[in-house]
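Each reported figure results from applying straightforward, stated rules to the coordinates on display, with no laboratory input. The structure presented is a predicted model; accordingly, all values stated were derived computationally and were not measured. In this analysis, Cβ positions are derived from the backbone assuming ideal geometry, glycine residues included, and neighbour counts consider all displayed protein chains.
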Amino acid sequence: MLCAMLIGMAKAGVKGMGMFAVPIMAAVFGGKVSTGLVLPMLSMADFFAVSYYNRHAEWKYIWRLLPAAIVGVAVGIWVGVVVGDKAFKGLIAVIIIASLVLLLVQERATISSRLVSSWGFTSLFGVLGGFSTMIGNAAGPIMAVYLLATRIPKNNFIGTTAWFFLIINLFKFPFHVFVWGTITWDSFLLDLATLPAIILGITVGIQIVKVIPEKAFRYFVIGMTLIISLRLLFE
């Protein structure tokens, strides 16, 4: 319920809270199992985000990213089949730590528009995003770096990421059910039970964004997420 609320807060605009939830779930339930529990919660939260920001999506960026993202998802599926849970949790930790670094870089660096519009740059971020979302449901910072580099307006940024993640998360569903076996009827019912917590998180997140300095809060979340990820890496 706590992690569902954190995911709802993330979709309401409190950056980093979704990544905070991922290592907590991995530490409690195990690496691969946790991804199957988190995915339906993310998808439910995505529907709320899409319903509010659907008019603001920049579809040209979504279509550019999706083919490479699907390749990244496919690589992630294969890796999930061949590695054990300890290595899987280590992968989650490494991906999240790398994503935290990207978050910090995003705040201090600008990327040229010429580079952003290139096929290679888009493909790189698409593959990295697809792989990281399949392994750890942690592609948020990767997509944030790419889309912020395009300099699209705030609402367009939120609408584009909402649609992108709704599409890619629904695409991942069958593989969690039939290949990894991480989504079962029982786990799905458990996820449905977290819907009130997701709604609460969205409501609380809207208020937090209004009253708490975003930069200070974001650095707090980054620090706490780093600590939990290091625990996953070295346990």
### Query
Could you give the nm distance between label points at residue 104 and residue 2, where each point is 7 Å from its Cα heading toward the beta carbon?
2.5
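Write down Rg/Rh for the range 2-234, rounded to two decimals, with Rg from the C-alpha atoms and Rh from the Kirkwood relation over Cα pairs.
Values: Rg = 16.3 Å, Rh = 17.5 Å.
So for the range 2-234, dividing Rg by the Kirkwood Rh gives 0.93.
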#### Entry: Additional length obtainable on full extension of the chain from residue 200 to residue 78, 0.36 nm per residue less Cα span
40.4 nm
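So what's the back-of-envelope 222 nm ellipticity for the chain, counting only DSSP H runs of four-plus at -39500 (n - 2.57) apiece and dividing by all residues, rounded to 500? Let's see the in-between values first.
On the way: 12 runs with 195 residues, N = 235.
The per-residue figure over the chain is -27500 deg cm²/dmol.
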### Summary
Extend 7 Å from the Cα of residue 155 along its Cα-to-C-beta direction; within the range 39-77, residues with backbone N under 16 Å of that point are 49-59
## Note on the structure
Share of Cα-Cα pairs in the range 11-106 beyond 18 Å, whole percent, is 60
### Task
Residues in the range 15-51, backbone N under 15 Å from the label point at residue 227 (7 Å along the Cα-to-beta-carbon vector): list them, ranges by number please.
20-21, 23-24
### Whole-Hz ³J(HN,Hα) from phi, Karplus 6.51 cos²θ - 1.76 cosθ + 1.60, for the range 62-68, glycine and proline x
4, 5, 5, 7, 4, x, 5
